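Taking it in order: structure first as structure tokens, then the write-up.
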Amino acid sequence: MRLTLAVLLIAVLSLTVAHAAPLTLQASDDAMGKTIGKFMQDVHQISFDQKPDKEGPDVTLLRTQKGGKVADFPFVIVTMPYAKDDGGKVTARMVVLMVISGIKVPDAKRGAVLEAMNKLNDDNDYTHLYIDSDNEIAFRWALVVTGSGLSAESVWDTYAGMLPAWEAAGEVLNKVIGK
Amino acid sequence: MRLTGIVLLLLGLSVGIGLAAPLVLRATDLDLGRTMGQYMLSAHNVHFGSQQDSEDRRTLMRMVQSTKVPEYAFAIIPIPLARDSKGKVTSQMVVLMVISELKVPDDKRGAVLEAMNKLNEANDYTHLYIDGDGDVAFRWALVVTASGLPAESVWNAYAGMLSAWETAGAELNKVIGK
């Protein structure tokens, strides 16, 4: 009887630890945007709007971020299948985080902006800047959720890391453009 | 007695599942380079040499051969990213990089930056730039948070970067005229 009680206690403790374990995103989750949105809200009290995908059950997460040194900017989190097995089952999923800067690069400043971006991309591990096909500055980072999963905290960490990185980069690039 | 048996069975299963769980890298691991090197070898049969720096950080390095670009070095470097008030490491960055040794001549710099911009836009996995020595550099960084990072994510980034570099390197070689 005493052994049973001891074993039951250990079992309950194990279950408690499992419940307190950090959330792990799974590649098979075809509504991962919703999962991330809920995590951001529940754990970090950060609310994202959810825009339903035209195809499938997932959503794109979107929030307008207050800029201190730069203008307010939309921040987007999009998830997409990255690899599938022979049966069409998703085995890896990409989580793309991006700043939609709305900063247009004039043709006359393009070379100088590319040089400044190159320096920022060199100086910072977390910075992935480019000029998109609409001639606007884009800032993006991607995480891959493999078959082993990925801690949802990694998405938060990336989001939190990108905000100051964009403030710093946006300020430099605005100066180069002459804003 | 039957209850004890069932509970013991459940515990045994939990331990079994725990043992079969994928390796998770920990921010507190002060020899992350060694852990990753062992994982790459045991799980994927890929061997990296290692080198310790002055701060006892172990950098992993291997030469990669390719039919599309010249042979190049690939490095994986763990770097402490944040510490708590007692100095304990709470997160680490794992930087993966191609050391291309592809020199960009001054007269091609503008064209190379334009080509890199296009590649950086087209591929989520691409983080290309010209470094302070005028060489093409290609880098990716992962963060090991307090919640850990599956070691398989490092493998995945490594494997993704090899094919991305084959494409990008071949494209940039053309722009440079090699």
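The values are calculated or read from the model by the stated rules, or taken from the named source; none is laboratory data. On a predicted model such as this, the values are computed, not experimentally measured, just so you know. Please note: Cβ atoms are built from the backbone with ideal geometry, for glycine as well, and neighbour counts cover all protein chains shown. SASA here: full protein model, heavy atoms, side chains in, ligands and nucleic acids out. Shrake-Rupley method; radii C 1.70, N 1.55, O 1.52, S 1.80 Å.
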Tally of residues being assigned to a helix (DSSP H, G or I) and modelled with pLDDT under 95 across the range A:1-42: 19
Taking the range B:49-69, which residues are surrounded by 13 or more Cβ atoms within 10 Å (Cβ to Cβ) and either at pLDDT 95 or above or closer than 15 Å to B:M161 by Cβ (or both)? B:L60, B:M61, B:R62, B:V64, B:S66, B:V69
Quick check: anything in the range B:136-158 without any contact (Cβ under 8 Å) to a residue 60 or more places away in the chain, open to solvent by 10 Å² or more (accessible area, probe 1.4 Å) and more than 10 Å from chain A (Cβ to nearest Cβ)? no
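For the range B:107-120, give me each residue that is acidic (D, E) and either closer than 14 Å to A:N118 by Cβ or in contact with a Cys (Cβ under 9 Å, 6 or more places away or on another chain) (or both).
Residues of the range B:107-120 acidic (D, E): B:107, B:114.
Answer for the range B:107-120, where residues must be acidic (D, E) and either closer than 14 Å to A:N118 by Cβ or in contact with a Cys (Cβ under 9 Å, 6 or more places away or on another chain) (or both): just B:E114.
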Condition first: among the acidic types (D, E) and within 7 Å of chain B (Cβ to nearest Cβ). Now tell me which residues in the range A:116-126 satisfy that. A:D122, A:D125
Within the range B:119-135, which residues are within 8 Å of chain A (Cβ to nearest Cβ) and without any contact (Cβ under 8 Å) to a residue 12 or more places away in the chain? B:N120, B:E121, B:D124, B:D131, B:G132
With the condition kept exactly as written, say whether any residue in the range A:108-121 is touching a Ser or Thr at 6+ places or on another chain (Cβ under 8 Å) and open to solvent by 10 Å² or more (accessible area, probe 1.4 Å). yes
Over the range A:124-156, the set of residues in a loop (DSSP other than H, G, I, E, B) and open to solvent by 10 Å² or more (accessible area, probe 1.4 Å) is A:N124, A:D125, A:Y126, A:D132, A:S133, A:D134, A:N135, A:G147, A:S148
Does B:D107 qualify as being acidic (D, E) and within 11 Å of another protein chain (Cβ to nearest Cβ)? no
Selection count, the range A:48-84, where residues are open to solvent by less than 20 Å² (accessible area, probe 1.4 Å) and among the aliphatic types (A, V, I, L, M): 5
Cross-chain or 6+ apart pairs with Cβ under 9 Å, the range A:106-120 first and over 15 Å from B:R139 (Cα atoms), then among the basic types (K, R) and loosely packed, with under 15 Cβ neighbours inside 10 Å: A:A116/A:K175
B:A170 fails exactly one of the following numbered conditions: (1) more than 12 Å from every other protein chain (Cβ to nearest Cβ); (2) not in a helix (DSSP H, G or I). What is the number of that condition? (2)
Can you tell which of A:L129, A:L150 is over 19 Å from B:G132 (Cβ atoms), within 8 Å of chain B (Cβ to nearest Cβ) and not charged (D, E, K, R)? A:L150
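Say we look at the range B:70-88 and pick out the residues that are open to solvent by less than 10 Å² (accessible area, probe 1.4 Å) and either closer than 16 Å to B:A27 by Cβ or not aromatic (F, W, Y) (or both); which of these is nearest to the chain's Cα centre (by Cα)?
B:I76
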